[in-house]
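I have placed the structure first, in the form of structure tokens, so that the comments after it can refer back to it.
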Amino acid sequence: MLGTVLLLLALAKTACPSPASVASWRAEALKKLLEVFGMEDPPAPPTHFKQPPQYMVDLFNTVANADGVTKNPDILEGNTVRSFLDKTHSEEMRFLFALSSVAKNEKILTAELHLFRLWPRVTEGPKRHHFCQVSVYQVLEKDKLDTPEGKKLLAARLVSLQTSGWEVFAITPAVRDWAEDESSNQGLLVTVQGLGESPRDPPPLQFASGRGHHESKKPMLVLFTDDGRRGASLPTAGFPGLKPQAPDLPAEMPVPKLGRSRSTRSLARLQPCQRHPLSVDFEEIGWNGWIISPRGYNAFHCKGSCPFPLGENMRPTNHATVQSIINALKLSEGVSSPCCVPDKLYSINLLYFDDDENVVLKQYDDMVAASCGCH
């Protein structure tokens, strides 16, 4: 991070930087910004228009506001939610999800299989039951599915035959096995059996499969994980796409005329420590192809003076108060006045496509200055 700061300072001293140096600086700045988001390279945008699963969109709207800022830090389990679509695309009740995008350092918390329950087929004669038994198995050996050694039961319950909609089954043990040994991922098997009926009878209920059904109804694996990242921070002033916006001056304060740079600097020093807008525009950065939501957000930044005496409105720490006194009384050489910095930070959430075109919801700590104070 220090290298980025030095680079920004060096460019600031350059009166007329060459196009090559500007391009190099931009590339380095974006690389550092990607590190904040836990990435080495930006994911490739989907090759064709792809609608994100409605479940992931609804989850984002539950967790975050329109700018991506977290509404309640306790809503999300962990800091990452990944969605995977079935790779088999078959009509059979066999499902396979490729988990190669899950990093080794991610702790698997919960895994869910989401299946869309179709309306039951119309059958002749009176219906004997209103429910059926749905069982979800982890496939251990594809050639031995008819034996106890070939599969392991993960979840089972009664499902209504009177409605349609989503059914969610917990399959965490299977996904943890797959994460430890990728070769053990033989997929899932789902069986449906009517109550009192033979396993050989036609299933009274069907789930939407990867074929012949709308994208929004396809089988999906939802994985809640935590990558252990907490409190990542980076000096963002001057990054491409980050646009500080000067606040409006109070009506009673005179606006300096152009050319009076010394007066302008003096006026800036008179401004008390406060929060100012700092717009992060993902489209300007060039990330809008893979980020679904938000399109950008207001990171805010802190600017202003911390003059003696520090009032409560400047939210000073005890240390800042002592430092302010020492500085004002010149009791020690080289002691500056306290600095105006964020004293409370909010997290933000990104909904985006990864390299495998899976949709990911990820939460990042300490990304928005909620308030400023003298420290």
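The values are calculated or read from the model by the stated rules, or taken from the named source; none is laboratory data. For clarity, every value in this text was computed on a predicted model and none was experimentally measured. FYI the Cβ positions are ideal-geometry reconstructions off the backbone, even for glycines, and counts take in every protein chain you see. These area figures cover heavy atoms from the full protein model, side chains too; ligands, DNA and RNA do not enter into them. Shrake-Rupley method; radii C 1.70, N 1.55, O 1.52, S 1.80 Å.
General remarks:
- Semi-axes of the equivalent ellipsoid of region 276-345 are 38, 12, 9 Å, computed as sqrt(5λ) over the eigenvalues of the C-alpha gyration tensor in descending order.
- Calculated FRET efficiency for the pair R229/K31, C-beta based, R₀ 22 Å, to 0.05: 0.80
- Taking 7 Å steps out from each Cα toward its Cβ at T47 and D181 produces label points 3.3 nm apart.
- Across region 93-186, Cα-Cα distances exceeding 17 Å account for 59% of all pairs.
- Under-5 Å amide H pairs with S337, H placed in peptide plane, nonlocal only: none
- Accessible heavy-atom area order of T70, T47, highest first, probe of 1.4 Å: T47, T70
- Extending 7 Å from the Cα toward the beta-carbon at both S100 and L345 defines two label points whose distance is 3.4 nm.
- Measuring with a 1.4 angstrom probe and ignoring ligands and nucleic acids, C339 comes out at about 80 Å² accessible.
- Within the accessible area of region 20-169 (1.4 Å probe), percent carbon and sulfur: 54 percent
- Accessible surface of H301, taken over heavy atoms with a 1.4 Å probe and every protein chain present, rounds to 50 Å².
- Shape of region 32-71, Cα gyration tensor, a/c cut at 1.5: oblate
- Here Y346 sits with roughly 90 square angstrom of accessible surface, probe radius 1.4 Å.
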